[in-house]
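Enquirer: My structure is below; once you've seen it, I'll send some questions.
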Amino acid sequence: MATTQTQAPATDHEPRRTRRRWHVDAFWMLLSLLMILGIWEALVAVFSLPAHLLPRPWAVVISALTNWSEIANHSWDTTIAVLAGYVLAIAVAIPTAIVIVLSPQAERLLYPPLVATQSIPKIALAPLFIVWFGFGIETKVSVAFLICFFPIVVDTIVGLRSIDPALIQLARSMGAPPRRIFLSLRLPGALPSIFGGLKVASALAVVGALTGEYIASDSGLGYILLSASGEMNTSLMFGVLIVLSILAMLFFYAIEILEKFLIPWHVSQRSHIQ
């Protein structure tokens, strides 16, 4: 009876700890934002920086609101390119990693070219992308795909190989077929590493789509950045950069929420508040 009474309060307080954690995270996020804005405003005031070099935060907000209709329309084009490149990278990278892990021959055949292609700057492929895909969305999707592909492959390979060999031997000794071993042991054990690669790639997808818009595009947030740069409209450029940052954060936290839903048992999902 005494043991039960001492354990009950800890269980009852656990949901409260989770709620307090969200409140604490929101507080620190707001505090970091205010700190950045304060430093930004102080730099402009102390060094008397002209608006074409570093506009005041309020001027950036006004410029973004003034051009909000244009930014929103082009944000949709960038979002579609990001999602398409990201999903395509997942659809190709994870099966490729599975083949590499399960087949030593495939690893010797595929892994060296995968590593070698990462040394090629994506901007250097601009002439080829323009010839192959023109100035449409295909170029943006292709660049986003290339940038996202490698981290997903590498982290998936690491995750699939991190399973304890003793568990695999135990499953084999109990007569489990290879397919059952993969689906019940290897894949669940690899999910934390896979989600690590997905979260890294979620931010890189925005970078890839933006790079594609720099290379060849007549739409998207990258197109607005180029236009604003030609007009020396620094306030609009900062406004677009803020929208890009928000877009990248939304993709990142969407993957993080999915991770918490699929692998709540993993140590990375435990609360850090004691």
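Enquirer: Please go through (1) surrounded by 11 or more Cβ atoms within 10 Å (Cβ to Cβ); (2) basic (Lys, Arg); (3) under 30 Å from SER162 (Cβ atoms) for ARG56 and return the number of the only condition it doesn't satisfy.
Expert: The one condition ARG56 does not meet is (3).
Enquirer: Now for a different question. Given the condition at pLDDT 90 or above, among the polar types (S, T, N, Q) and in contact with a Gly (Cβ under 9 Å, 6 or more places away or on another chain), answer yes or no: does some residue in region 154-162 qualify?
Expert: Yes, because at least one residue in region 154-162 is at pLDDT 90 or above, among the polar types (S, T, N, Q) and in contact with a Gly (Cβ under 9 Å, 6 or more places away or on another chain).
Enquirer: Would you check if THR156 is assigned by TED's automatic domain parsing to the domain that holds ALA216 and surrounded by 19 or more Cβ atoms within 10 Å (Cβ to Cβ)?
Expert: Against the criterion (assigned by TED's automatic domain parsing to the domain that holds ALA216 and surrounded by 19 or more Cβ atoms within 10 Å (Cβ to Cβ)), THR156 qualifies.
Every residue, every condition in (1) under 22 Å from the mean Cα position of the chain (by Cα); (2) in contact (Cβ under 8 Å) with a residue 40 or more places away in the chain, yes or no:
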| position | (1), (2) |
| --- | --- |
| GLY159 | yes, no |
| ASP164 | no, no |
| ALA190 | yes, no |
| GLY197 | yes, yes |
| VAL206 | yes, yes |
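Enquirer: May I pose another question? Any idea how many residues of region 62-87 are buried (at least 17 other Cβ atoms within 10 Å of the Cβ) and not polar (S, T, N, Q)?
Expert: 9
Enquirer: Within region 59-80, does at least one residue satisfy the condition of being farther than 30 Å from ALA254 by Cβ and assigned by TED's automatic domain parsing to the domain that holds ASP155?
Expert: Yes: region 59-80 contains one or more residues that are farther than 30 Å from ALA254 by Cβ and assigned by TED's automatic domain parsing to the domain that holds ASP155.
Enquirer: Does region 208-250 hold any residues that are outside any helix (DSSP H, G or I) and out of contact with any Asp or Glu (no Cβ under 9 Å at 6 or more places or on another chain), and which are they?
Expert: Listed by number, the residues that qualify are ALA216, ASP218, GLU231, MET232, ASN233.
Enquirer: Could you grab me the full set of residues in region 224-254 that are in contact (Cβ under 8 Å) with a residue 12 or more places away in the chain and farther than 23 Å from LEU204 by Cβ?
Expert: Scanning region 224-254 gives ALA228, MET232, ASN233, THR234, SER235, LEU236.
Enquirer: Among the residues that make up region 102-122, is at least one of them within 18 Å of ILE157 (Cα to Cα) and among the β-branched types (Val, Ile, Thr)?
Expert: Scanning region 102-122 turns up at least one residue that is within 18 Å of ILE157 (Cα to Cα) and among the β-branched types (Val, Ile, Thr).
Enquirer: Have a look at PRO104, PRO121, PRO95, PRO112 and point out the one that is under 21 Å from the mean Cα position of the chain (by Cα), assigned by TED's automatic domain parsing to the domain that holds GLU213, of a type outside the set (Ser, Thr, Tyr) and modelled with pLDDT of 85 or more.
Expert: Exactly one of PRO104, PRO121, PRO95, PRO112 is under 21 Å from the mean Cα position of the chain (by Cα), assigned by TED's automatic domain parsing to the domain that holds GLU213, of a type outside the set (Ser, Thr, Tyr) and modelled with pLDDT of 85 or more, namely PRO95.
Enquirer: Sticking with this structure for a sec: Is at least one residue of region 111-124 surrounded by 14 or more Cβ atoms within 10 Å (Cβ to Cβ), more than 22 Å from ALA248 (Cβ to Cβ) and of a type outside the set (D, E, K, R)?
Expert: yes
Enquirer: Could you pull out the residue among GLY239, GLY220 that is at positive phi and crowded, with 23+ Cβ neighbours inside 10 Å?
Expert: From the options GLY239, GLY220, the qualifying one is GLY220.
Enquirer: Only one of VAL92, VAL99 is out of contact with any strand residue (DSSP E or B) (no Cβ under 7 Å at 6 or more places or on another chain), without any contact (Cβ under 8 Å) to a residue 24 or more places away in the chain, aliphatic (A, V, I, L, M) and under 24 Å from GLY189 (Cα atoms). Can you tell me which?
Expert: After ruling out the rest, the residue left standing is VAL99.
The values are calculated or read from the model by the stated rules, or taken from the named source; none is laboratory data. Model, not experiment: these values are computed from the prediction. Note that each Cβ is placed from the backbone with ideal geometry, even for glycine, and that neighbours are counted across all protein chains shown.
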